[in-house]
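Here the structure comes first, spelled out in structure tokens, and everything after it is commentary.
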Ligand SMILES: Cc1cc2nc3c(=O)[nH]c(=O)nc-3n(C[C@H](O)[C@H](O)[C@H](O)COP(=O)(O)O)c2cc1C
Ligand code: SF4
């Protein structure tokens, strides 16, 4: 970038909401790292105590404090990339360091350098390539989010329904009350993990008394094994923007943010182009479609921290505070961005909104099976012939997805286990693979579907080692705010590494179960509550392997 002065950089962002991250990124881009002088200038310009700023900056993975750090190669060492040889790739590249799963499990191994992502299985095959499109569904499958994603030029405004935001027009014709009812009637629930009903969330923000109100699109997608939001944003960005404007119209919000994970630099460019085109066409900004409705949209790039996907950490990160999760209640619907009413929705949730408005609430409900409303995108990866994003009816059998849609494991191999909710849902194995893809079915096995990342491990994989790597990820990403999670994830990692703890099976199990139970009961956020599912499911499905590990 051009050589802007410290003052230029600060002045460029200071009047915008949520200025800290873009200011830090500008310094980082200008100098190739965050120097002492840059931190001093930011602290002074934004009136942040230097010690607080230092603590915040060093919390993120990707802000380098060493000259040249921005360009230094970072290799994904998530579970699938490890299976595909990430350690060897890292060893072959001078100065390379590891980064957690960076959302490319359908096309491994990603390497980040500066603002470019390269992918390849070895150093001499690394190249830039677009995010894979989802494969075509079977004839009988009616998609919602992916229904138009494979159309040529879909990412451009002209290619997006001939440049029209027709669902926004319908929404404005309906008015906020009928719009809120339509979304509630559709049964749409959050697709980012918690599954909270979208209509209820929007109504709470619409009814909340204070303003300005905010819509946040959670595009942090840090859960290992999840790569659906990237696919939607890269190939159908206007669907996400239209969903956000509709949410703003329904709730009375006037500003919005897309909080995008750092590891998706190409996606940032695609979104920036889409925002610019939609603003020029009058779908964003002041007086939208000739009404007095105004909605200003900002893109904010994270800096690498899994916990920033948790909605209250995300809000703190936007506000320039240390990204710890907040205590709840109060919830973001009344006390969100700048303590004002805020909708936080996942990318997939928002991209579901335009087709729901176009096709109707009954249509969407009817896409699910049995009592389940709608569809879910599953990011399926690991030991299957065709790893990809698949949109399935909620209630669809897991085994049919793995074996028929994705081609199953390799010849002569069988599925030993899968993860659920990326890593957060722990493992399913054996007869429990007969679940259907919906929360009631999966929760009955003590797991959860969450954001829909499923990694498949065949019978050659060492599940204790997989569990160890998973717990190591949670230990690295624990924000440290509360001690049961901060210490518990470390202890469980050590036990799974076999480095410490009892060498007899009974005491080992007692300790692991006890640590896990304490974490579930006393952790302050979903990370600490979910991480022990790795150990409880390992003990449930692989007791003999655990026994060998402890006593061997
Ligand atoms: C540790 C943790 C990480 C999370 N990461 C994400 C994420 O990357 N993307 C996301 O949309 N939701 C994530 N969530 C869920 C969000 O807190 C929140 O429920 C969601 O963004 C709400 O949107 P929805 O209602 O559309 O699902 C995470 C939650 C936890 C506890
Ligand atoms: S549970 Fe873990 S990640 Fe969540 S607030 Fe506590 S320490 Fe942080």
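Throughout, read-outs are computed from the coordinates displayed, never taken from laboratory work. Since the model is a prediction, treat every value here as computed from it, not as a measurement. Glycine also receives a Cβ, built like all others from the backbone with ideal geometry; neighbour counts cover every protein chain displayed.
Averaging over all projection directions, the Cα-based convex hull of region 1-122 occupies 8.3 nm² in the image plane. Ranked by how many other Cβ atoms sit within 10 Å of their own Cβ, fewest first, the residues 13, 363, 140, 202 fall in the order 140, 363, 13, 202. What's the FRET efficiency of residue 293 with residue 92 using the Cβ-Cβ distance as r and R₀ = 56 Å, to the nearest 0.05? It comes to 0.55.
Helices in the chain, meaning DSSP H runs of at least 4 residues, each add -39500 (n - 2.57). Divided by all residues, the mean residue ellipticity at 222 nm is -12500 deg cm²/dmol. Once you divide the Cα radius of gyration of region 44-195 by 2.2 N^0.38 Å, the number left is 1.48.
With the simple spin-label model, which puts each label point 7 Å out from Cα in the Cβ direction, the residue 127 to residue 414 separation comes to 3.9 nm.
By counting other Cβ atoms within 10 Å of each Cβ, how are 270, 356 ranked from fewest to most? Write down the numbers at each step before the final one.
Details: 270 19, 356 25.
The fewest-first ordering by Cβ neighbours comes to 270, 356.
Taking every C-alpha pair closer than 8 Å and separated by at least 6 residues, the mean separation divided by the residue count of the chain gives a relative contact order of 13 percent. Using the Cβ-Cβ distance between residue 276 and residue 497 with R0 set to 51 Å, the FRET efficiency works out to roughly 0.55.
With viscosity set to 1.002 mPa s at 20 °C, what whole-number translational diffusion coefficient in µm²/s follows for region 108-202 from Stokes-Einstein and a Kirkwood radius over Cα pairs?
Value of D from the Cα-based Kirkwood radius: 124 µm²/s.
Oblate is the label for region 378-429, because the ratio a/c of its alpha-carbon gyration tensor axes (a ≥ b ≥ c) is 1.5 or higher and a/b is not greater than b/c. Packing, taken as the mean count of other beta carbons within 10 Å per residue, orders the peptides 48-58, 170-180, 426-436 from highest to lowest as 426-436, 170-180, 48-58. Which of the three applies to region 49-102, rounded, prolate or oblate, going by the alpha-carbon gyration tensor with a ≥ b ≥ c and a/c under 1.5 meaning rounded? Here region 49-102 falls in the oblate category.
With only the Cα atoms considered, region 191-259 has a convex hull volume of 89 Å³ per residue. Scaled to the globular estimate 2.2 N^0.38 Å, the Cα spread of the chain, given as radius of gyration, is 0.94. Here the gap between residue 505 and residue 181, fully extended at 0.36 nm per residue and compared with their Cα-Cα distance, gives a gain of 111.1 nm.
Figure the gain on full extension for residue 434 and residue 35 (residue separation times 0.36 nm, minus the Cα-Cα span) and round it to one decimal in nm.
Stretched out fully, the residue 434 to residue 35 stretch lengthens by 138.3 nm.
Residues 324, 146, 196, 227, arranged from fewest to most other Cβ atoms within 10 angstrom of their Cβ, appear as 196, 324, 146, 227. Highest mean first, the peptides 377-389, 500-512 sorted by other C-beta atoms within 10 Å per residue fall in the order 377-389, 500-512.
For region 404-552, relative contact order (Cα pairs under 8 Å, six or more residues apart, normalised by length) works out to 26 percent.
Were the residues from residue 548 through residue 12 laid out at 0.36 nm apart, the gain over their Cα-Cα distance would be 187.0 nm. Annotation for residue 200 and residue 328: the two label points, set 7 Å from Cα along the Cα-Cβ direction, are 1.2 nm apart. Would you please classify the overall shape of region 247-306 from the alpha carbon gyration tensor, given that a ≥ b ≥ c denote the square roots of the eigenvalues, rounded means a/c under 1.5, and beyond that prolate means a/b larger than b/c while oblate covers the rest? Oblate shape, in that a/c is at least 1.5 and b/c is the bigger or equal ratio.
Computed from label points 7 Å out along Cα-Cβ, the spacing between residue 71 and residue 141 is 4.3 nm.
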